[in-house]
Amino acid sequence: MKNKTINPTRSQLNILRQICNFISPHEVSKIARATGAQDRSRTFKPWSHVVSLVYAQLTHSIGLNDLCDSLQLHSGPLASIRGATAASRNGLSNANRERPAEMAEQVFWRVMSSLGEQSPGFVAGRRRGAAFRFKLPIHVVDTTVMELVANCMDWAKHRRRKAAAKTHMRLNLQSLLPSFVIIDTAGEHDNKRARELCAGIKSGEIVLFDKGYVDFGHLRDLDQRGAFWVTRAKDNMAYEVVQKMPQSKDEKILRDEVIVLSNPNKPAPELMRRVVALVEIDGEEREMVFLTNNLEWSPRSVADLYRCRWQIEVFFKQIKQTLQLADFLGHNANAVRWQVWIALLVYVLLRYLSYVSKWAHSFTRLFTILRAVLWSKLDLLGLLGCYGTAKGSFRNLARPEQAYFSGFL
């Protein structure tokens, strides 16, 4: 049997330009003026800055020399991308250091909004996984740590010989797209950021987070706003049982009870649901304790909802393994934020491409195919169609079952 020949349609535009066309240069210029980035640019314009960092993500550039040399060698095709120009090493380093990262943040949210207007189904998503029966919007809150070079990044030190930055995120479970992002140092505890991350949660919506974000005063506020939450209980939590719920028929549900905190002076929800379940982790069954403010869900639903929290772990694993978040192009906080925001921007652009092309393979394969043909003049959607129509049970995201509760069905 002969191998299938990949013969995509030719195009007048190179692949990189077709990807960058989803970013409006007029919006970039407007944001640059609003944030003051335009005032800090002379020959190296904000549009060229954004295109350069998008290219750095798509090619996994490991340093300023790598990135700048590559762009200068392709200065002709680069100029076709709305007049983008290559910067010198010092010019790009200075732009990453001096131009406010708020510009990259606003560009990211503006592109997200624009793509949502073009394709409402892209941002709306679909019900998935163990939460398929919940019609309410579900949000997942978590953080990922990016290791940095301690002797170069004093601003990010959080241990004696370690430095790191944290990305706190609220992910929409239906679309698997970010809804709120905070990029900061790793020294601050997660629960200090819980209120900011959940500020946009509306009445009737559901938010899932790990016990690192547990702040009982914040949980009370969510309860008063009419939002539902599911998390894990801390080991040292002092509580009193108010009511024992009917015994579940599920053998893996050990206890189901309504509790209050032992300290009445501590701000906390008036009543909380405590569910103890057996879950399988690494081939062994262990007890896990879940907390929620919903007293009507079945204990299985509580455990299933928390299981969905691992979707954000899959998301973090995917962007850190695929995009360039290991080697940073600058040592200061502003440069790190620029790189993280552009990485998230590239992720959303590639996810949008997979959506409009009905891509059936993995996200990693989509990334590697595009990386190989960035300067080729091929029709982008036609190229993806040559691969995306292959038969098979492929998934755009990794299977979350690989990361959680393999025996809890």
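The values are calculated or read from the model by the stated rules, or taken from the named source; none is laboratory data. Just so it is clear, the model here is predicted, and its values are computed rather than measured. Here Cβ is always computed from backbone atoms with ideal geometry, including for glycine, and neighbour counts include all displayed protein chains. To get the accessible areas, we keep the full protein, side chains included, count just its heavy atoms, and leave off ligands, DNA and RNA. Shrake-Rupley method; radii C 1.70, N 1.55, O 1.52, S 1.80 Å.
Working note: Cα atoms of region 279-323, range along each principal axis, descending, whole Å: 41, 26, 12. Taking amide H as placed 1.01 Å from N in the peptide plane, the amide H of residue 177 sits under 5 Å from that of 172, each at least 5 places away or on another chain.
All Cα-Cα separations within region 40-96 were binned at 10 Å from zero, giving a P(r) of 26, 63, 11, each value a whole percent of the pairs. Label zone (residue 62, point 7 Å along Cα-to-C-beta; backbone nitrogen cut-off 13 Å) within region 318-362: 326-328. Compared with the direct C-alpha span, the chain from residue 114 to residue 266 gains 50.3 nm at full extension, assuming 0.36 nm per residue. Distances between placed amide hydrogens fall under 5 Å for residue 254 paired with 276, 277, 278, all partners being 5 or more residues away or on another chain.
Note on region 1-119: the alpha carbon radius of gyration divided by the globular reference 2.2 N^0.38 Å gives 1.18.
All alpha carbon pair distances within region 167-325 were sorted into 10 Å bins beginning at 0; the resulting P(r) in whole percents reads 9, 37, 36, 15, 2, 0. The separation of region 235-305 from region 47-76, counted between C-alpha centres, amounts to 51 Å. Here residue 145 and residue 202 are evaluated by their C-beta separation; at R0 = 22 Å the FRET efficiency comes out at 0.15. The chymotrypsin sites (Phe, Trp or Tyr not before Pro) of region 211-245 include none that DSSP puts in a loop with a beta carbon having at most 15 other beta carbons within 10 Å. Keeping the other protein chains in place, figure out the carbon and sulfur percent of the accessible area of the chain, with a 1.4 Å probe. For the chain, the apolar C and S fraction of the accessible surface comes to 47 percent. The alpha carbon convex hull volume per residue for the chain rounds to 173 Å³. Taking every full run of DSSP H in the chain, the ones that stretch at least 30 Å from end to end by Cα along their long axis and average -0.5 or higher on the Kyte-Doolittle scale are 333-356. When the P(r) is computed for region 209-296, the part past 22 Å accounts for 26% of the Cα-Cα pairs.
Convex hull of alpha carbon positions in region 163-243: directionally averaged projected area 6.8 nm². Residues of the chain were split at every exposed loop site, defined as GluC sites (Glu not before Pro) in a DSSP loop with at most 11 other C-beta atoms within 10 angstrom, and the longest piece left, sites excluded, is 1-250.
Ligands, DNA and RNA aside, residue 74 has an accessible area near 60 Å² when probed at 1.4 Å. Averaged per residue, the chain has 47 square angstrom of accessible surface, using a 1.4 angstrom probe with ligands and nucleic acids left out. Of the chymotrypsin sites (Phe, Trp or Tyr not before Pro) found in region 19-94, those that fall in a DSSP loop while having at most 16 other beta-carbon atoms within 10 Å are 22. Distance distribution P(r), region 252-347, all Cα-Cα pairs, bin width 10 angstrom from 0: 13, 28, 20, 22, 17, 0 percent.
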